[in-house]
Amino acid sequence: MAIKSSDQISLVDLTDGFSVILTNDSYTFPGSTNAAKAGSTTTTIVAMCGADQIPAAVDNSKIIAPTGVTTSVDTDATQPTVTISVTTAVKTGGTVDIPVSLDGGNIIIHKYFTFQIAFTGATGAAGSSAQWYSGTKITGTSTTATIFSDSGITAAKVGDMYLNTDTMNTYRCTVAGAASAAKWVYVGNIKGATGETGAGAVWYTGTKITGTSTTATIFSGSGITAAKVGDMYLNTSTYNTYRCTVAGAAAAAKWVYVNNIKGAKGDQGNAGADAITMTITSSNGTIFKNTAITTTLTAHVYKAGAELDATAIAALGTIKWYKDGSTTALSTTGQTLNIGAGDIENKATYIAQLEG
C-alpha cells in the first residue's frame with residue numbers, strides 16, 4: 001500500500017520537580033548519665049510536585065535505623081507519619097534513613113531524621129544532683145573557664161549545666177559561686193543536623209538561553225534569579241533543552257546544551273501541480289505540564305494547495321496513525337486522534353500517513 005502523504009508532531013510533558021519535607025527532621029531525646037531514656041517522637045512526610053502536594057508512601061521495612069531505635073508508619077495514604085522510638089540501648093545520637101516513595105514507586109527520595117541525647121549532668125558536690133539552667137546569657141564555644149556575670153544564676157555548683165535556648169549550646173560549671181564568680185566551659189551543641197533538601201529539578205522556559213554548546217556558559221539575560229545545579233531550561237522557539245551545571249543568579253549560573261525535543265520534519269509530499277501534502281495540528285498545543293494532557297491531533301490533507309474534505313480524502317485512501325516510530329498503526333484511523341494523560345510519558349511523536 002503506497003504512502004501518499006505524511007506528517008509528524010511531537011508532544012512533550014514537562015513535570016515539576018519533586019520535593020519531600022519532614023515536619024520534624026531532628027529531635028533530642030532525654031537521657032540518663034550514659035544512655036537514652038525510653039521515649040519516642042514523630043515526623044510527618046509531606047511530598048510536593050512543584051507547588052502541589054502529592055501522595056507519599058513509606059515502607060517501614062525499608063527504613064534504616066541504628067541499633068536500639070525502632071520505627072512505625074501509620075496508614076495515611078497522602079502524608080504518612082513515622083514514629084521513631086529509642087530504648088536504653090541507645091547511647092549516642094544517630095540518623096534514621098527514611099526512603100519516601102513518590103509517583104507510584106517510580107521515584108524514591110531518601111530523607112534523614114537525626115537525633116541526639118541530652119545526658120543528665122554528673123552528680124554535684126556533697127551528693128546533690130547537678131542543676132540544669134537555661135537562658136541566653138551564657139554564650140560562645142570557649143573551653144576556657146569563663147565568668148558570665150549577667151547569667152542570673154545566684155549559686156551555681158560545680159557540675160551544674162546550662163542550655164542556651166537560642167543556639168542549643170550547653171555549658172558546665174567548673175568553679176562554683178554567684179554569677180560574678182562562677183565559671184563555665186562550653187560542652188557541645190545538642191541540636192540535630194539539618195535534614196537534606198528535597199530533590200527535583202525545576203524546569204524554566206523562554207528564549208534567552210540559546211545555542212548548542214556543551215561548554216558551560218553564562219546567559220546573563222536569562223531572567224532566572226536562583227538556578228540550582230540540575231535545573232532544566234526549554235527554549236520554546238528552538239525546542240533546545242539545557243541543564244544548569246553551576247548554580248547562581250543569571251549573571252553567574254552556567255548552562256550546557258542537552259538535546260532538542262522537536263521531532264524530525266516529515267517527508268515532503270509529491271512534487272507537481274497535484275502534489276498531496278499533509279500537516280498535523282494540535283488543539284491544545286504541544287507542550288504540557290504535570291501530565292495535564294488533553295488535546296486532539298488533526299491531519300489536514302491538501303492537493304495542489306487546496307485542503308480536502310473527508311470525502312475527497314476517503315477517495316485517496318485512509319489516514320493511519322503511528323506512535324514513536326512503530327510500524328504498527330494505532331487502532332484509530334481518520335483525520336483526528338484524541339490524546340489523553342495516559343498516552344504520553346515525557347515525550348511522544350505521532351505520525352499520520354495517508355495510505356492508499
For the subset of region 93-128 comprising residues that are more than 14 Å from ALA57 (Cβ to Cβ) and of a type in the set (Ser, Thr, Tyr), which member is modelled with the lowest pLDDT? SER128
Any residue at all in region 21-28 that's at pLDDT 90 or above, buried (at least 17 other Cβ atoms within 10 Å of the Cβ), in a loop (DSSP other than H, G, I, E, B) and more than 12 Å from the chain's Cα centre (by Cα)? no
Within region 138-162, track down each residue that is closer than 13 Å to CYS173 by Cβ, of a type in the set (Ser, Thr, Tyr) and in a loop (DSSP other than H, G, I, E, B). SER151, THR154
Selection count where residues are modelled with pLDDT of 90 or more and of a type in the set (D, E, K, R), scope region 316-334: 1
For residues that are on the phi < 0 side of the Ramachandran plot and under 25 Å from the mean Cα position of the chain (by Cα), scanning just region 218-227, find the one that is surrounded by the fewest Cβ atoms within 10 Å (Cβ to Cβ). THR225
Give the residues of region 56-87 that are without any contact (Cβ under 8 Å) to a residue 40 or more places away in the chain and in a loop (DSSP other than H, G, I, E, B), sorted by residue number. ILE63, ALA65, PRO66, THR67, GLY68, ASP74, THR75, ASP76, ALA77, THR78, GLN79, PRO80
Restricting attention to region 33-50, and to residues there that are over 16 Å from LEU22 (Cα atoms) and in contact (Cβ under 8 Å) with a residue 60 or more places away in the chain, which single residue is nearest to the chain's Cα centre (by Cα)? GLY50
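The values are calculated or read from the model by the stated rules, or taken from the named source; none is laboratory data. All of these numbers come straight from a predicted model, not from anything done at the bench. Using ideal geometry, Cβ is built from the backbone for each residue, glycine included, and neighbour counts are taken over all protein chains shown.
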